[in-house]
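The next block holds one structure in the form of structure tokens; read it before the comments.
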Amino acid sequence: MTTHGDPATHAGAPAVAARTGPDDAGGDLPADAAGGLPAALTGLRAAIAAARFPLALPSAEPARRTAAGLTDQLDDYLLPRLARLDAPLLVVVGGSTGAGKSTLVNSLVQARVSAAGVLRPTTRSPVLVCNPADAAWFRQGELLPGLTRTTEPSENPGTLQLVTAPALPAGLAFLDAPDIDSVVDANRALAGQLLAAADLWLFVTTAARYADAVPWELLRSARARGTAVAMVLDRVPPEAADEIAAHLSEMLAAQDLGAAPLFVLPETWVDGQGLLPDKVTAPLAAWFARLAADAEARSAVVRQTLDGALAALHPTVGVLADAADEQVAAADALDERVRAAYRGAERTVDQGLKDGRLLRGEVLARWQEFVGTGEFFRSLEARIGRLRDRVVAAVTGRPAPAAELRNAIESQLVTLLRGVSAEAAENAYTGWKAHPAGAALLDPELAHASADLPERAERLVRDWQRGVLELVRAEGGDRRFVARTAAYAVNATGLAVMIAVFAATAFIPTGLEVATGAGTTVAAQAVLQAIFGDQAVRNLASRARVDLLDRIGALLTEEADRFLARTAEARPAAETGTELRRSAREVEKARHRAGLSGTPGAALPAADQGGRA
């Protein structure tokens, strides 16, 4: 003896039981149902296609799967069905491995149209069976447009084999789908895609596997989408038929699927063609024959499934929109961590220009050599006003080591810039590493400042120093001092301005500055005031300081851009979530205008209560 799915040994007399929901066809779809919905759905599809979830967040991969599933359902079912509301009713036959789906389909159409056997998975590519009169609709490819049509069996899951069977009534088509729990990933994915394209699910399970988790996950999905469902409980031992059927009925009722028709098929033989005995399949075949012959009943099934699928779009797209908003928020958070790190670097530089730290060490030593001795500082402080001319003569009339001082200033600033850049890079790297989306964007080189940062920092300081000299020339262009002393006065004055930039209080010596510079700031003030006057001194120092901070800010921005460029590349459009929600609302409005809302929950016709055969 063989079973109807694969060879096995069974015993017992054939028996059939059936249970159905109320006889409520639900009425025809309104004539204008397709009027506004296709345009709204097309807009929603475009919004979903534009949604991107590149950042590695927990919601990203589920969102990508949801977006792909919605796109498939729109392309495979909703848009084609709305374009042809009178198209044949598509019954997708789904179920677990070895449940006997192919044997059942073959038996219902009275021909071996779908392969059945021991090897699993048997059905690798889907097989669609229809009456010859309906073949043109399925051959055109409007339904499931992503599958290539073929008339020959194929192991390629990207194909759809079309078979005609005169015994199958017009207006009805069966699609034998791959196993929902197949060991082949592509088969499982395709099974889910096909089920989403069904007007009616015919779900086949067995007495041994009806409580498995995977089928119930899909059945709950069908319930959530409002899909019309009929159940076949296959290979039931006759002595256990009542008990198993009752238990399955309880399980269906607990999942709000109590209205789904349930057909119980006993263990039995298959004939030489691998088909079930007619008396076993007769109640189910008769039920489908009535459905095929009743246009109102078919319309009711389409109405229920179509409305359920449309109603499910709004909350599902809402979840997708939330995930899109999370992407934007994550990108903003990552950017803020970088900007905070580099704002900290700018604050450190600003503080370094205020607290006198740059006046220590080499800079102080070279400044003292340039201007004079410590004794000179002490005498200068006591007689600043009386000795103005002598200060000018001293500064402009003796060869001073200006180059050494300029190099010391450059070295001190470059050291500061390298330090703050390295610290900012480390802080930004650490901040991203602690964030799941940031960690996925990191490369090891981001943990450090750019390799060419020292050269860029040196160029920045030299350019700033030249800018200070130009500032001095512009400020003193109409003064006899510059004309009389030429380049040396400009260089000397420029160095004094640079030293003054490193003082916090515009040349009013504080305890720290006096301790640090032993009168350095007072000396710089004296030199500059002797040439330009008090207000001009303040303006020069202020302008030079602003220029330096602007240049440093630009350098640090370039360093931060190494991080920000990565989020800019991955960042989804900020309006993605808003556009998804707007498009979903448009679909919901169109659905209500079409009169699809409020569809009865059970549109399937009643089935005869088959007794024991």
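The values are calculated or read from the model by the stated rules, or taken from the named source; none is laboratory data. Since the model is a prediction, treat every value here as computed from it, not as a measurement. Neighbour counts run over all protein chains shown; Cβ positions are idealised from the backbone, glycine included. Ligands, DNA and RNA are stripped out before the accessible areas are found, and what is left, the full protein with its side chains, is counted by its heavy atoms. Shrake-Rupley method; radii C 1.70, N 1.55, O 1.52, S 1.80 Å.
Computed values, structure above
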quantity	calculated
Computed log₁₀ I(q)/I(0) - Debye formula, equal Cα scatterers, no solvent, the stretch 257-355, q 0.21, 0.24, 0.25 Å⁻¹	-1.11, -1.19, -1.22
Within the accessible area of the stretch 99-228 (1.4 Å probe), percent carbon and sulfur	53 percent
Rounded percent of accessible protein surface that carbon and sulfur make up, the stretch 286-361, 1.4 Å probe	52 percent
Nearest-10 value in Å² for the accessible area of ARG591, using the 1.4 Å probe	20 Å²
Amide H contacts of GLU575 (H built 1.01 Å from N, under 5 Å, at least 5 apart or other chain)	none
Potential extension, GLN140-LYS354 segment - 0.36 nm per residue separation minus Cα distance	69.3 nm
Theoretical gain in end-to-end length, GLU575 to ALA447 [0.36 nm per residue, Cα-Cα removed]	42.9 nm
Cα centroid of the stretch 219-273 to Cα centroid of the stretch 71-111, whole Å	18 Å
Candidate residues HIS314, HIS435: accessible-area rank, largest first, probe 1.4 Å	HIS314, HIS435
Estimated vicinal HN-Hα couplings, Hz - the stretch 547-559 in sequence order (Karplus 6.51, -1.76, 1.60; Gly, Pro = x)	4, 5, 5, 5, 5, 5, x, 5, 5, 5, 5, 4, 5
LEU89 long-range amide H proximity, modeled H, under 5 Å	LEU172, ALA173
Theoretical gain in end-to-end length, ARG220 to ALA565 [0.36 nm per residue, Cα-Cα removed]	119.9 nm
Gyration tensor verdict on the stretch 49-102 (Cα atoms; rounded if a/c is under 1.5, prolate if a/b is larger than b/c, oblate otherwise)	oblate
Derived scalar couplings ³J(HN,Hα) [the stretch 246-260; Karplus, 6.51 cos²θ - 1.76 cosθ + 1.60; whole Hz; x for Gly, Pro]	5, 5, 4, 4, 4, 5, 5, 4, 5, 9, 6, 10, x, 7, 5
Nearest-10 value in Å² for the accessible area of GLU326, using the 1.4 Å probe	90 Å²
FRET efficiency estimate (nearest 0.05) - Cβ-Cβ, ARG585 to ALA536, R0 60 angstrom	0.40
Simple spin-label estimate for ARG466 and ALA50 in nanometres, 7 Å along Cα-Cβ	4.7 nm
Shape parameters for the stretch 413-477, alpha-carbon atoms, Rg then Dmax in Å	17.4, 58
Residues with amide H under 5 Å from that of THR206, placed H, sequence gap 5 or more	ASP234
HN-Hα J in Hz across the stretch 440-453 - Karplus 6.51, -1.76, 1.60, θ = phi - 60°, x for Gly and Pro	6, 9, 7, 10, x, 5, 6, 5, 10, 5, 4, 4, 9, 4
Diffusion coefficient, µm² s⁻¹, Stokes-Einstein with Kirkwood Rh over alpha-carbon pairs of the stretch 44-163 at 25 °C and 0.890 mPa s	149 µm²/s
